[in-house]
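Taken together, the values in this text are just the output of simple stated rules run on the coordinates, not laboratory data. Everything quoted here is computed from the prediction, not taken from an experiment. Glycine also receives a Cβ, built like all others from the backbone with ideal geometry; neighbour counts cover every protein chain displayed.
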Amino acid sequence: MRSAEGAVTHSFTSYADVTAALHAPELSDRSAGSEGAAERGALHADAARELSTERLDDLTAELQRSALELAHQLPLGEPVDLLLAYARPWCSRLALRTIDSRPLGEARLLQLAEEVFRAAALATSRQDIGSATAPVGALAGALTGPRSTSLAVQAFVALSQTLPHTLAAAWHVLASVPGAWRTLRADRAAVPLAVEELLRLASPARAVFRRACTDLVIGDTHLSAGDEVILMLDAANRDPAQFPDPLRFDLRRGSGGHVGLGRGMHPCAGAAMVRLALGVATSALLDVAEEMTLAAPVTWLDGFAIRAPTSLCVVLRPGA
Ligand code: HEM
């Protein structure tokens, strides 16, 4: 597709092309040059400090405690929406924990984050990503503190919105695959492997956007400076050339390789936190339920850039 200015939009779906593009320094997701690089450097430095291994180690026990507390309150043997009753409250608590003051009130902060998330989900281009300027501005004004404002906003939205939707999408896979729940329950050491396979199959990150800063070649495609690029992460994660029988949930597939949390030039700054949270919240559910089955069809937020459940009704069967 060619724009009025002559720029072409390329869409990549194969694992080889998507990963090559994710690693290409000639492709940028925002302002190119030293300003963009400095901003990104500060963001990652902040993230490395805020989400360091030591910090996450300190946080683990608290996360486990709060996940178990909520999981034990879930009704057993009757339908329950896990997004509403478990993932959302747990993740909201986690997100609110990262901010220093709440001048707007918790409900308003969470509502603004949802507006940002929904706008991002519906984005079909790089320009659309910045379109939710009003809620982003309101959040940026409210989330002042020692962190960079950009990280504070991204972390708050990711923790309060992306994370609960990721958990629901992951549990949808576990509830849909016969035997998966019992297998994991019997072998808790496999939870980290399950986390990677779930991020491959269930990451809500469907597409990311780039712009070519210079001419370059990705696979067989020649790109010119100014061209727009869409990287379909979900298609890459299901590419049979990289993941044989790609729709199968397979604990023996081996960890890593997926692009559910991005990689390359713009890796997810919260990746370690996401892996920790998915493991902890799933383990708490495994503790309380011997079986988890779908109780109703899942409803979806079916955006171009993000696809995630908006409800996940299941029945949890108590353990013996
Ligand atoms: C919960 C599920 C999450 C998913 C599925 C997810 C996914 C992603 C993906 C795919 C990217 C790459 C974007 C691109 O290449 O353009 C990314 C980047 C990023 N993520 Fe996450 N993320 C999640 C949670 C988090 C959390 C909890 C944080 C912070 C605490 C976070 C902070 C960031 C930041 C700051 C970037 C931008 C990095 C950069 O521009 O260099 N994310 N994320």
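General observations
- Exposure proxy shown here: for TRP171, TRP181, the number of other Cβ atoms within 10 Å sets the order, fewest to most, as TRP181, TRP171.
- Length added when fully stretched, SER125-ALA190, from 0.36 nm per residue minus Cα-Cα: 19.6 nm
- Sites THR293 and THR53, calculated FRET efficiency, Cβ-Cβ separation with R0 35 Å, nearest 0.05: 0.45
- Per-q log10 I(q)/I(0), the chain, q = 0.09 Å⁻¹ (Debye; single scatterer per alpha-carbon; no solvent): -0.47
- Amide hydrogen neighbours beyond the local backbone of LEU301, cut-off 5 Å, H modeled: ALA308, THR310
- Average Cα contact separation per residue, the chain, under 8 Å, 6 or more apart, as relative contact order %: 31 percent
- Neighbour-count order for MET265, MET232, fewest beta carbons within 10 angstrom listed first: MET265, MET232
- Per-residue Cβ neighbour rank within 10 angstrom, fewest leading, TYR86, TYR15: TYR15, TYR86
- Karplus (6.51, -1.76, 1.60) ³J(HN,Hα), θ = phi - 60°, over region 226-231, in Hz, Gly and Pro reported as x: x, 5, 9, 9, 10, 10
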